[in-house]
Each structure stands twice: as C-alpha cells, then as structure tokens.
Amino acid sequence: MGANTFGKLFSVTTFGESHGPAIGCVVDGCPPGIALAPEDFRSDLARRATGRSRHVSQRREADEVEILSGVFAGRTTGHPIALLIRNTDARSRDYDELAEVFRPGHADLVYELKYGFRDHRGGGRSSARETAARVAAAVIAKKWLAERYGVRVRAFLSRLGALRPRRHDWSAVEENPFFWPDAEMVGELEAFMDRLRKEGDSIGAEVTVVAEGVPPGWGEPIYGKLDAELASALMGINAAKGVEIGAGFAAVEQRGSEHRDPLTPEGFLSNHAGGILGGISTGQPILARVAFKPTSSIRLPVRSVDRSGRAVEVAVKGRHDPCVGIRAVPIVEAMVALVLMDQALRHRAQCAEVEPRAGLLDLARMKEETR
C-alpha cells in the first residue's frame, strides 16, 4: 500500500505529480467552524513558490487553491476538506532526455527498482512540487493553532553553505528572498548565489524553526513522542538529510551539568531540550533545525547509467533551485504546524479534563529567550 497520508486525528492525504494536471490534498479531522477562504492560502503558497527571485527555480505557478469540499458559508464543516492546485507552468519537454537515464542524487533509480517504471517529468511524485499541498493544508492548522492556543510557528534560513547569520532579527526574515534574519548580509548572499549559478553548481542549507506558545503536555511518552513525530515529519521533506531538536548534535560535546535545563520558581533557565522532555512539550518554545542537501539537478555533467545499465554522462537542463533550502522555510513551518495540530487534538481527546497542580503551569516559562 502507498503511504500518502500524514497524521492521526488531523490527517492530510496528498496527491498529484510535478507535471500532472494538478496536485492537492484531502484534510480530514478538521474541527468545524474555522473561517476559511481561498485567499487565506495565498501568502504561504507565495512564500513557497518558485520564481520569486533569481536565486530559485524560475518555474512560475499560479498556485491558486480551489476548495472543493468541507467548507460552507466560509467556514469548515467538520467534513473532509479537498484542496486542488492546478499545475500551470510545467515544461515536460525539459525532461525528455532523462527518460532512459538515472540522475545521481535523485530518486530515479530507486523508483525504477521499486515500481518497475517511473514518471521522469520533474521527478513525478518525488518532486518538491508536492509540498505545495502540504503548505496549503498547514494554513488550516496554523489558523486553528493561533486562534485556539496562540501558537505561532516561524522559520528562517540559518545557514547557507558556510554562511551563518551574524545577528537575528525576525522582522528581516520576510523582507528578503532568502528568509535570512540578518539584513546586512543579504548582499553577501546574493553575490554568493550569483557565483554559484554561473558555475552551474548548487549548495546545501539549514532551516531553523521555532514554535512559540505551545502549551505543556502535548505529545506522548512512548510511541507518539512529539519530538519523534516532528523529526519524522521534517525528514519527510524533499532533500532533508538531518534534523536536530534543541541542542541537537551539539549535545554530544556538552556535559550533563551544562545540557540539563535548570528549573526555578520563575521558570526554566535554558532550553537545550528544545521545548520537549520525554516526548512531551514543556511550554517552552519548540526549537528544531533541518539540514538540506545541495540540489542534484545541476548542469555540471556526472557519471551515471541508463535503464540498460550502460555507462552514460548526465547533465540536467531545465529550471531548478540552486539551493532547495531557501524555499524549504515555509515547508518546514507547515510540517511543524501539522504535527502540532494533530498532537493538540490527540491531547484534547484524552486529557482535556486534566488540571495541573496550581503553580506548575507557571514553570512552563523561560527566564530569557533561548534560540
């Protein structure tokens, strides 16, 4: 059976291919009464879109969402919500030369081995085009989380190759094409990407995501751990090669006396745990980082084989991202929001009547923000 559905109580099933007539999703388990209209999807889909700057793929999709079901008189009905996004700018001819060869670093070979054949047009189902449906579904999750709990999920590009922000300003993130929190470095990033594009090469990146306002108690102690489900969801994004929660791999060099987060009557003193202990949210900001590999579709030739096993040389033409991590920022936000909404509904179903001991909820604060 295929694995195209994500989530338990708030579930999302996506469908479609990069060069098919459309992509979309069916969202099931959505609470009724949420105000929802097609224009609600435009902002996040525009943030994820190709063609927004010279530093990303120049494919230009309209990305208009059609709501086919689950919404009446501008509000969700509690029934399945079907969202459709038509493909309007696919150029399948760009992939004609790839029908009989395998692109190293892509899923071409494994799709052939698993299914016996593949859709070579833009990667078919494995294309990042599919993530537009996830971002659309997460618009609903973000609205509900914000309205019901005051949760805010934000992400930014925290590393572009070897470049790291020298300062952090959330207001700068949405004001440049890199989602970069240091406005003074944008010119440096543009020069770097221009050189990379002229060389015909690509680069990896890291995205950091922060979820603020998450109440304590979300998540399960064993098989539904919040951090485990976040890691799984984030690793399910195209080109993701690593996920860290909180201190992440830096914890390897930390001592226990440094890594543990001291508690005081005023709250936590640090957040090395990333807002999750024992698989359950602490009430602190949830912090995660995702590493994305460099794009494999580049014009520099590489050794490969064709479908008959003969040696060939492959150079990929067409419109591709020199750094997939840039457009991954809203996708990372989307996956975190989808996990949080699913976990919120599950927590509400089992523990809605639990009343924590007086004063304990006050501990779910930090004395100072830690990123």
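Miscellaneous remarks
- Residues in the range 244-256 that are surrounded by 11 or more Cβ atoms within 10 Å (Cβ to Cβ), assigned to a helix (DSSP H, G or I) and either in contact with a helix residue (DSSP H, G or I) (Cβ under 8 Å, 6 or more places away or on another chain) or without any contact (Cβ under 8 Å) to a residue 24 or more places away in the chain (or both): A250, A251.
- Filtered residue count, the range 95-120, keeping only those that are within 23 Å of the chain's Cα centre (by Cα) and touching a residue at least 40 places away in the same chain (Cβ under 8 Å): 2
- Unique residue being in contact with a Gly (Cβ under 9 Å, 6 or more places away or on another chain), part of a strand (DSSP E or B), closer than 21 Å to V26 by Cα and in contact (Cβ under 8 Å) with a residue 24 or more places away in the chain when the list is L157, L145, L83: L83
- Within the range 77-120, tally of residues that are acidic (D, E) and either at pLDDT 85 or above or touching a strand residue (DSSP E or B) at 6+ places or on another chain (Cβ under 7 Å) (or both): 3
- Within the range 1-40, tally of residues that are in a loop (DSSP other than H, G, I, E, B) and of a type in the set (S, T, N, Q): 2
- A162 vs. criteria surrounded by fewer than 18 Cβ atoms within 10 Å (Cβ to Cβ), among the aliphatic types (A, V, I, L, M) and at pLDDT 95 or above: yes
- Among the residues listed as K293, K241, the single one being loosely packed, with under 13 Cβ neighbours inside 10 Å, charged (D, E, K, R), under 30 Å from F178 (Cα atoms) and under 16 Å from the mean Cα position of the chain (by Cα): K241
- The residue of the range 46-67 that is surrounded by the most Cβ atoms within 10 Å (Cβ to Cβ), among those that are of a type in the set (A, V, I, L, M, F, W, C) and either at pLDDT 95 or above or in a loop (DSSP other than H, G, I, E, B) (or both), is V65.
- The condition of being farther than 19 Å from F292 by Cβ and not basic (K, R) holds for only one of E206, E188, that being E188.
- Residues located in the range 208-223, provided they are without any contact (Cβ under 8 Å) to a residue 40 or more places away in the chain and surrounded by 15 or more Cβ atoms within 10 Å (Cβ to Cβ): none
- Annotation for the range 224-233: no member residue is more than 19 Å from D44 (Cβ to Cβ), touching a His at 6+ places or on another chain (Cβ under 9 Å), buried (at least 21 other Cβ atoms within 10 Å of the Cβ) and not hydroxyl-bearing (S, T, Y).
- When the residues of the range 144-159 are filtered to those that are of a type in the set (G, A, S) and surrounded by 15 or more Cβ atoms within 10 Å (Cβ to Cβ), the one that is nearest to F41 (Cα to Cα) is A155.
- The residues on offer are G318, G325, and the sole one that is in contact with a Gly (Cβ under 7 Å, 6 or more places away or on another chain) and modelled with pLDDT under 95 is G325.
- The selection criterion, being closer than 26 Å to S18 by Cβ, surrounded by fewer than 18 Cβ atoms within 10 Å (Cβ to Cβ) and within 23 Å of the chain's Cα centre (by Cα), holds for P177.
The values are calculated or read from the model by the stated rules, or taken from the named source; none is laboratory data. Bear in mind the structure is a predicted one, so any value in this text is a computation, not a measurement. Cβ: placed from backbone, ideal geometry, glycine included. Neighbour counts: every protein chain shown.
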